[in-house]
Amino acid sequence: MNQDIFLDNAATTRTDPEVLEAMMPWLGDNYGSPATLYAFGAQAKQAIEQARQQLADLIGSEAKDLYFTSGATESNNWAIKGVCDALESKGRHIITEQAEHHSILLPCRYMEKKGWEVTYLPVDSDGLVDPADVKAAIREDTVLISIVHGNHEIGTIQPIAEIGAIAREAGVAFHVNAAQTVGHIPVDVEELSCDLMSISGHKFYGPKGVGALFARRGVRISPLIHGGGQEKKRRAGTHNVPGIVGLGKAAELARKNLKAESQRMAGLRDYIMEKIEANLEDIRLNGHRTKRLPNNVNYSIEGIEGESIMLSLSYPTAEDARAIFVSTGSACVSGTLEPSHILLSLGVPAELAHGSVRISLSRENTREDADYALNALFEVAERLRSMSPVYKRGAKQCASADSEDCDCESSC
Amino acid sequence: MYTEQVMDHFQNPRNMGEVENPDGVGEVGNPQCGDVMRITIKVGDNETIEDVKFKTLGCGAAIATSSMVTEMAKGKTLVEAQEISKKAVADALGGLPPQKMHCSNLASDGLKKAIEDYRAKQADK
């Protein structure tokens, strides 16, 4: 049995065995395409329509308002580029916020290059958007507001229902990236007043490479992918039948266990947070303490760097030690010289952003796993701090005088 | 992503710590970038590096290159040690990922700074 402890579930989750089982026939003998008219294809058509209903039931939408995609990145790109394209004659202004995922920010920057204006709203030190800021940013030519539901890195849950009401009153299309919330906390497109919603299968025990975009009837959106007439001519390409069936099954399973699982996970999260705060000095909680995804823990640990924490945990030296997988907002992992833009947007100093550790839970994680992982984390933090030339216990070394005139480009 | 040598030096760093009453100290990088290295040296007869230690805040590559540079410098004369290049350190570790060559391979600079510090102190005497 695999003894590793996977605590990077905001990145991806294990496909549920029941999901896998539901997918198998569609990877094997039932290989017909839903777009064909003979009976072999009709079975596949029926299977994807069942999946559409299962997903609709999870988010309180009409099944016909759901369009299958390759995942949340495609859905986010489609929502932004598709709405902008359809509403270009109405206006060329988008509102989003600074702590969004790159699959929102980069399409927005792409639209900027094409002459659109984008307002990137600030977030507070907990990562929250102020709905009043959204209201104030709406202009005559605003055609789209896009705000994430639960932030993938810091776990902060945005006041989506309030923002949705504002958007609706102003008559502006409202898109919500719900990749981290669907299947983890109750999500209802009516309660949230959203017009578009991005969903990802593999974030809640479904397969990778499949997701959906909810687009409420009447919302104007051009296709992103042109070709065949699939998905009511709005998203071309032969359906990923096994993936879609898996997504549907994952939605059905999530709906069955949602409340209980969500509470259990939040209990484990709070246990981990208490234990970290009791055992580690000089740390910063990233994200809101209570308005938070039930599976997200994120702390910056002063005086050390995130990649070295991640590496130490994932390659333990003791022979019988279990490997532990977490993530970090350090620049070393982002592939740039900059640490996580999300942590910087909260006002976290760069030196602390480099030292962030995200623990994201799944329903497989137990309290024993958490205890084991935390003991390992505390040992690693102690060891790396003992190697650090700048860490002094209890001293705010990151606020040192010489950090003010740091020229990162030249010294990194 | 990292070679076995990098992982070995990261997990079992050589010469970690600070030389007591060092003859030269070199500090490079800064915490905002995520990397800081502090190299301390003890210089013996014939200007050879008798002891060298490091303390490093940083990623796997930063720690491994620090550890490696101390191993390479020990026993060398100051002139020889000054010639240890970034590339030589990376090569001794079986290579570094390209993005790490630039940002986390500061150890040889730290050593050079420690040697300069020693020389400056000698000049003041």
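The values are calculated or read from the model by the stated rules, or taken from the named source; none is laboratory data. Note that the structure is predicted; figures quoted are calculated from it, not measured. For neighbour counting, all protein chains shown are included, and Cβ atoms are generated from backbone atoms with ideal geometry for every residue, glycine included. The area values use the complete protein model at the heavy-atom level, side chains included, leaving out ligands, DNA and RNA. Shrake-Rupley method; radii C 1.70, N 1.55, O 1.52, S 1.80 Å.
Tabulated values for the structure
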| item | result |
| --- | --- |
| Scan of the stretch A:66-92 for residues that are assigned to a helix (DSSP H, G or I) and either open to solvent by 10 Å² or more (accessible area, probe 1.4 Å) or within 15 Å of A:Lys114 (Cα to Cα) (or both), ordered by number | A:Ala72, A:Thr73, A:Glu74, A:Asn77, A:Ile80, A:Lys81, A:Gly82, A:Val83, A:Cys84, A:Asp85, A:Ala86 |
| Residue match in the stretch B:49-67 (condition: part of a helix (DSSP H, G or I), open to solvent by 20 Å² or more (accessible area, probe 1.4 Å) and either without any contact (Cβ under 8 Å) to a residue 24 or more places away in the chain or more than 14 Å from every other protein chain (Cβ to nearest Cβ) (or both)) | no |
| Residue within the stretch A:276-288 that is aliphatic (A, V, I, L, M), assigned to a helix (DSSP H, G or I) and within 14 Å of chain B (Cβ to nearest Cβ) present | no |
| The stretch A:289-335, subset charged (D, E, K, R) and without any contact (Cβ under 8 Å) to a residue 60 or more places away in the chain, residue nearest to the other protein chains (Cβ to nearest Cβ) | A:Glu307 |
| B:Lys87 in a strand (DSSP E or B) and either without any contact (Cβ under 8 Å) to a residue 24 or more places away in the chain or within 27 Å of A:Ser340 (Cβ to Cβ) (or both) | no |
| Subset of the stretch A:165-207 (residues that are of a type outside the set (Val, Ile, Thr), surrounded by 23 or more Cβ atoms within 10 Å (Cβ to Cβ) and outside any loop (DSSP other than H, G, I, E, B)) | A:Ala167, A:Ala173, A:Phe174, A:His175, A:Asn177, A:Leu196, A:Met197, A:Ser198, A:Ser200, A:His202, A:Lys203, A:Phe204 |
| Looking only at the stretch B:1-39, and only at residues there that are polar (S, T, N, Q) and within 10 Å of chain A (Cβ to nearest Cβ), the one that is most open to solvent (accessible area, probe 1.4 Å) | B:Asn12 |
| Any hit, the stretch A:96-103, residues being assigned to a helix (DSSP H, G or I) and at negative phi | yes |
| Search result, residues across the stretch A:356-386 that are touching an Asp or Glu at 6+ places or on another chain (Cβ under 8 Å) and closer than 17 Å to A:Tyr315 by Cβ | A:Leu384 |
| Residues that are assigned to a helix (DSSP H, G or I) and open to solvent by less than 20 Å² (accessible area, probe 1.4 Å), drawn from the stretch A:364-379 | A:Ala370, A:Ala373, A:Leu374, A:Leu377 |
| In the stretch A:352-363, residue farthest from the other protein chains (Cβ to nearest Cβ) [restricted to those that are touching a helix residue (DSSP H, G or I) at 6+ places or on another chain (Cβ under 6 Å) and either open to solvent by 20 Å² or more (accessible area, probe 1.4 Å) or of a type in the set (S, T, N, Q) (or both)] | A:Arg363 |
